[in-house]
Structure formats: C-alpha cells, structure tokens
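For reference, the structure discussed in these notes is given below.
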Amino acid sequence: MSCYHKITPEGQINLCGDLGPHCADSRCMWVADCLCDFPVGDSKTCDRPVCDDHAYEVAPDTHYCAPHYNEWMKFKNDGGVKAVLENVVPYKTPGVIDE
C-alpha cells in the first residue's frame, strides 16, 4: 500500500491507500492530481503525473510539469507563439464570397 505525505502551514497530512501515482517532482510525496499535457509528438503528451502544487496551468484544463512549463515559457518569451500565429490561414467556407 502506498502512502502520501504533504506538509502544509497547518501541519503534515499523511494518507495511505491506492490513490494513484505520486507526483513526479522528486521533493514531493503527494498524490498526482493530473498528467502533463505537453505535446511530445505523434498526438501524444508527456503524461508525467503532477500534483496541484507542481502543475502549471497554461490553459483551461491544460497542465504542464515544471520542465515542460520552462520549455513553453522560453518558446513563448522568444516570440514563438507570435511567429506560429502569423502563419495561420483563416478558414473560408467554400462557395462563400467575401464582401
């Protein structure tokens, strides 16, 4: 049986049972609440288990682990998002004439 530990300002929480994987952060022994949604290719995501304290929400219901959040922020801060969005071609319904 797995045990999970978390230190809070009020004290320590200890839970034992089959509550799923532990958080992938090496310093954390708490229950993983979600999986990393960072795309890694072939329509797959990282899926590293992370708890609420170590998950970075980058969009609604989209979380990244710390290493992938750092990678995302570097891409974003270096202008990657803007460059990708500049290449987006608006969808036009066939047969509809623009006015």
To the nearest 10 degrees, how steeply does helix 66-77 sit against the main Cα axis of the chain, on a 0 to 90 scale? 30
For region 6-13, in residue order, the Karplus 3J(HN,Hα) values (coefficients 6.51, -1.76, 1.60; θ = phi - 60°; whole Hz; Gly and Pro = x) are 9, 9, 10, x, 7, x, 9, 10
Hey, in the chain, which Cys have no second cysteine's beta-carbon closer than 4.7 Å? C34
Distance from region 1-62 to region 66-92 (C-alpha centre basis), Å: 25
How high is the relative contact order of the chain, given as a whole-number percent (alpha carbon pairs under 8 Å, six or more residues apart)? 16
Taking only the alpha carbons of region 3-86, the radius of gyration and the largest Cα-Cα distance, Dmax, both in angstrom, are 15.3, 50
Among A32, A24, A59, which one moves the most in a GNM of the chain with springs linking Cα atoms closer than 10 Å? A59
Using DSSP to call loops (not H, G, I, E or B), can you name the chymotrypsin sites (Phe, Trp or Tyr not before Pro) in region 2-99 whose Cβ has at most 11 other Cβ atoms within 10 angstrom? Y91
If you take the beta carbon distance between N14 and D52 as r and set R0 to 30 Å, what does 1/(1 + (r/R0)^6) give as a FRET efficiency, to the nearest 0.05? 0.95
Show which lysines lie in cross-link reach of K44 when reach means a straight Cα distance below 27 angstrom and same-chain residues fewer than eight apart are skipped. K74, K76, K82
Trypsin sites (Lys or Arg not before Pro) restricted to DSSP loop in region 3-99 with at most 13 other C-beta within 10 Å: R27, K92
Which whole-Hz couplings ³J(HN,Hα) result when phi for each residue of region 33-38 is put into the Karplus expression 6.51 cos²θ - 1.76 cosθ + 1.60, θ = phi - 60°, listed in order with x for Gly and Pro? 8, 7, 10, 5, 9, 5
Check each of the GluC sites (Glu not before Pro) in region 3-79 and keep only those in coil by DSSP with at most 16 other C-beta atoms within 10 angstrom; list them in order. E10
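FYI, it's all coordinate maths here, none of it is from the lab. For clarity, every value in this text was computed on a predicted model and none was experimentally measured. When we count neighbours, we look across all protein chains shown, and the Cβ atoms used for this are built from the backbone with ideal geometry, even at glycine.
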